[in-house]
Amino acid sequence: MVTYGKGLRPLAILTVLVLGGGIALALFYAPMDADQGFRQKIFYIHVPMAIVAMGGFIAGGIAGIMYLRTEDSKWDLRSYTWIHHALILALGALITGSIWAKTSWGHWWVWDEPTLVSFLIVFLLYCTYQPLRFSIEDREKQSRYAAVFAITAGAFVPLNFMAVRMAQSLSHPRVFATSNGGLPLKMQIAFYVMLAGMTLFFITLTKFEMASKNTRAQMGALRRRLGGEDGPARRSAAPALPTATEAGTA
Amino acid sequence: MTLPSNAGYVAAAYLVFLVLVLIYLAIMAVRLGRLEKQTGELLALAEREDAGGTRDE
């Protein structure tokens, strides 16, 4: 029997410690940026959210490949959950980025900035993932088409990222500068702790989501076994999970 | 002590993250409530089945 919640408790505690420590380091330990001033502190939350979101999209694509190779529904669940949570973090990155843009550029959004627009395109692309799943009634087809989408869109993410890096940025700053030095050490420490914390946060939430969905599936199976009514069949974007018995016989 | 300039915007950015966490917490609370309800129903079903079995004997 697959259990998704294994190790969730220590993981959650570690997430709180690392993320809490990261925020404290970003606000009180990292020095004030000479050019940006206090508003630079936004980057410690904005950039890790954007990086983890992109990592989640790519991981969703890899899980899609694994699903097509194995047809094991646990990979479909992973792909779905990773993309779902990456989308939430991407929304957070867009909002925090807009807040920074307002304080720095005086505008909430700048349309001629490639980094912003390309990230928005990726975000909107992944916004169609849930409706795509929901529009397909057949669960097997739903999983297969969603996996193909996840792979194609997942491959687009690094390509898009590289294209933007190679393009001449108009005004969006680069956190990891390739020339003229990067972040000072104290800023780097705060940044990497925040990145680790955000990654742990993502893993904890996705693990919780998968454990929750698995528990619901097992509850449904138990209800059927005890002769209870299953309720009306509802169309769902979420993957259908095999129960412990089905998984054992598969 | 005076706050640095743009402190409001920085606070807003960190609040966005806090709001995301709180929304997730609310979703988790709803799910826990649903699971609790379902567990109760399952327990009732199991007890009914037990009572039926005892009556059959």
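Within region A:150-160, is there a residue that is more than 18 Å from A:G55 (Cβ to Cβ) and free of Cβ contacts under 8 Å to residues at least 12 places away in the same chain? There is no residue in region A:150-160 that is more than 18 Å from A:G55 (Cβ to Cβ) and free of Cβ contacts under 8 Å to residues at least 12 places away in the same chain. In region A:24-39, the qualifying residues are those that are buried (at least 20 other Cβ atoms within 10 Å of the Cβ) and hydrophobic (A, V, I, L, M, F, W, C), and the one that is nearest to A:G97 (Cα to Cα) is A:A26.
Within region B:14-31, the residues that satisfy the criterion of being within 14 Å of the chain's Cα centre (by Cα) and more than 9 Å from chain A (Cβ to nearest Cβ) are B:L22, B:L25, B:A26, B:I27, B:A29, B:V30. When A:I13 is tested against (1) closer than 30 Å to A:M219 by Cα; (2) buried (at least 22 other Cβ atoms within 10 Å of the Cβ), exactly one condition is not met: (2). Of all residues in region A:95-119, those that are under 22 Å from the mean Cα position of the chain (by Cα) and either buried (at least 16 other Cβ atoms within 10 Å of the Cβ) or over 23 Å from B:Y14 (Cα atoms) (or both) total 11. Against the criterion of being within 14 Å of another protein chain (Cβ to nearest Cβ) and in contact with a Lys or Arg (Cβ under 6 Å, 6 or more places away or on another chain), A:A30 qualifies.
Considering the conditions (1) facing another protein chain (nearest Cβ under 10 Å); (2) at pLDDT below 90, B:A11 is excluded by exactly one of them, (2). Taking A:Q188 as the residue in question, decide whether it is modelled with pLDDT of 80 or more and within 14 Å of chain B (Cβ to nearest Cβ). The answer is no for A:Q188. Do you know which residues across region A:47-64 are buried (at least 24 other Cβ atoms within 10 Å of the Cβ) and of a type outside the set (G, A, S)? Within region A:47-64, A:P48, A:M49, A:V52, A:F57 meet the criteria. Summed over region A:101-127, residues that are at negative phi and either within 14 Å of chain B (Cβ to nearest Cβ) or without any contact (Cβ under 8 Å) to a residue 12 or more places away in the chain (or both) total 11. If the condition is being assigned to a loop (DSSP other than H, G, I, E, B) and not hydroxyl-bearing (S, T, Y), then region A:1-40 contributes A:M1, A:V2, A:G5, A:K6, A:G7, A:A30, A:P31, A:M32, A:A34, A:D35, A:Q36.
A search for C-beta distances below 8 Å between a residue of region A:85-100 that is modelled with pLDDT of 95 or more and any residue that is surrounded by fewer than 24 Cβ atoms within 10 Å (Cβ to Cβ) and charged (D, E, K, R), counting only pairs 6+ apart in sequence or on different chains, returns A:H85/A:E209. Kindly establish whether A:R69 is modelled with pLDDT of 95 or more and not hydrophobic (A, V, I, L, M, F, W, C). Criteria met by A:R69.
The values are calculated or read from the model by the stated rules, or taken from the named source; none is laboratory data. A quick note: this is a predicted structure, and the numbers were derived from the prediction, not measured. Quick reminder, even Gly has a Cβ in these numbers, built from the backbone with ideal geometry, and neighbours come from all protein chains shown.
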